[in-house]
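A.B. asks: Encoded as structure tokens, here's the structure I'll be asking about.
The values are calculated or read from the model by the stated rules, or taken from the named source; none is laboratory data. As the structure is a prediction and not an experimental result, all values here were calculated from the model. Cβ atoms come from the backbone with ideal geometry, glycine included; neighbour counts cover every protein chain shown. With ligands, DNA and RNA removed, areas are computed over all heavy atoms of the protein, side chains included. Shrake-Rupley method; radii C 1.70, N 1.55, O 1.52, S 1.80 Å.
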Amino acid sequence: MAEPKLVVVESLPGCRARAARTVLGQVVLPGEELLLPEQEETDGPGVAGERPLRLNAAVCSRLRVVCGPGLRRCGDRLLVTKCGRLRHKESGSGSSGGIYWVDSQQKRYVPVKGDHVIGIVTAKSGDIFKVDVGGSEPASLSYLAFEGATKRNRPNVQVGDLIYGQFVVANKDMEPEMVCIDSCGRANGMGVIGQDGLLFKVTLGLIRKLLAPDCEIIQEVGKLYPLEIVFGMNGRIWVKAKTIQQTLILANILEACEHMTTDQRKQIFARLAEC
């Protein structure tokens, strides 16, 4: 069995660092170094410079930057770790920082603490369930990680069941761990998903698009048929409608929406509404 290799992302040799605000919406490659805008309050208004991100108290008090997926802080540098388009969202305070991330169309999921995912129970080992979440290794789920579960009152979970839960442990050195309760001990919609319905997989970028607060796709789908739908950050979607035909139609629409324009999507929804 081949030993796993450690992949180290280094800055590209001979590649000059670019200002992040000048490449927003453009494709960035792994190993590129980005420069973030820094507001120099001590130099007076209108004076700003471009320099690498410095992780010290003096700068952090003036500029708060959050690195999202695809970016990594390495010392005083900000490196790109995967290929995609650089995105930015302003912070609520209106400062020059905000959130930077790389938007890519990858399908391989890397567990992240706090993510809500859809998993498939593959095995039961003692008091622990093994759940396939689409990552490099299965996640563990304790039988006590359900609302109202005790040693006498165990949840009815069988191999092959679909589980909707969240990660409480997710890092490269430990096995990911899932729970089906929130911090208050409530299920809050998590647990075993119904037997009926259809489970299918899409890209991670489409999942983030569908979960956006102002997503028009979900609003249009809800007007088409009565449905139940569950989104997992690992790229899995579970959907159920009144009939099998409606369920298949909804699944095909959600899969195709990633590559359709707004006008094309509206034409399809109008055509389905007339049927």
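A.B. asks: Throw me the Rg/Rh for segment 198-274, computed over C-alpha atoms with Kirkwood Rh, two decimals. Before the final figure, lay out the partial values.
C.D. replies: On the way: Rg = 11.6 Å, Rh = 12.6 Å.
Rg divided by Rh gives 0.92.
A.B. asks: Additional query: Run the accessible area of segment 198-274 with a 1.4 Å probe and give the carbon-and-sulfur part as a rounded percent.
C.D. replies: On the way: 2300 of 4210 Å².
For segment 198-274, the apolar C and S fraction of the accessible surface comes to 55 percent.
A.B. asks: Here is a follow-up. Using only the alpha-carbon atoms of segment 137-275, report the extent along each of the three principal axes, biggest first, to the nearest angstrom.
C.D. replies: Principal extents (largest minus smallest coordinate, Cα): 53, 33, 26 Å.
A.B. asks: Also: Would you pull out the residues with amide H under 5 Å of Phe129's amide H, same chain only if 5 or more places away, H placed 1.01 Å from N?
C.D. replies: Leu141, Ser142, Tyr143
A.B. asks: Taking H placed 1.01 Å from N in the peptide plane, check which residues at least 5 places from Val169 or on another chain put their amide H under 5 Å from its amide H.
C.D. replies: For Val169, the qualifying residues are Glu177.
A.B. asks: Out of residues 5 or more away from Asn234 or on other chains, whose amide H comes under 5 Å of its own, with H placed 1.01 Å from N in the peptide plane?
C.D. replies: Ile118
A.B. asks: May I ask for the Kirkwood hydrodynamic radius of segment 115-192, worked out over all distinct Cα pairs and given in angstroms to one decimal?
C.D. replies: Details: mean 1/r = 0.0808 Å⁻¹.
Hydrodynamic radius (Kirkwood, Cα pairs) of segment 115-192 is 12.4 Å.
A.B. asks: Calculate what fraction, in whole %, of the accessible area of segment 115-192 sits on carbon and sulfur atoms when a 1.4 Å probe is rolled over the protein chains.
C.D. replies: Working: 1940 of 4180 Å².
Here carbon and sulfur together make up 46 percent of the probe-accessible area.
A.B. asks: Straight-line reach only, C-alpha to C-alpha below 21 angstrom: list the lysines that Lys172 could link to, leaving out same-chain residues fewer than 8 apart.
C.D. replies: Within the straight-line limit of under 21 Å, Lys172 reaches these lysines: Lys5, Lys82, Lys107, Lys113, Lys130.
A.B. asks: Please list, in order along segment 256-261, the HN-Hα scalar couplings obtained from phi with the Karplus expression 6.51 cos²θ - 1.76 cosθ + 1.60 (θ = phi - 60°), rounded to whole Hz, x for Gly and Pro.
C.D. replies: 7, 5, 5, 10, 10, 7
A.B. asks: To continue, here is another question. Show which lysines lie in cross-link reach of Lys266 when reach means a straight Cα distance below 26 angstrom and same-chain residues fewer than eight apart are skipped.
C.D. replies: Lys201, Lys209, Lys223, Lys240, Lys242
A.B. asks: For segment 196-266, which trypsin sites (Lys or Arg not before Pro) pass both filters: DSSP loop (anything but H, G, I, E, B) and at most 15 other C-beta atoms within 10 Å? Don't jump to the answer; show the numbers that get you there.
C.D. replies: Numbers: sites: Lys201, Arg208, Lys209, Lys223, Arg236, Lys240, Lys242, Arg265, Lys266; in loops: Lys242.
Listed in order of number, the matching sites are Lys242.
A.B. asks: Using a basic spin-label model with each label point 7 Å from the Cα along Cα→Cβ, how many nm lie between Leu272 and Glu216?
C.D. replies: Result: 1.6 nm between the two label points.
A.B. asks: Using θ = phi - 60° and the Karplus form 6.51 cos²θ - 1.76 cosθ + 1.60, what ³J(HN,Hα) does each residue of segment 177-185 get, whole Hz, x for Gly and Pro?
C.D. replies: Rounded to whole hertz, the list is 10, 10, 9, 10, 9, 8, 5, 9, x.
A.B. asks: Rounded to whole Hz and in sequence order, give me ³J(HN,Hα) for segment 111-124 from the Karplus expression 6.51 cos²θ - 1.76 cosθ + 1.60, θ = phi - 60°, writing x for Gly and Pro.
C.D. replies: With the stated coefficients, segment 111-124 comes to x, 10, 4, x, 5, 8, 10, 10, x, 10, 5, 9, 7, 10 Hz.
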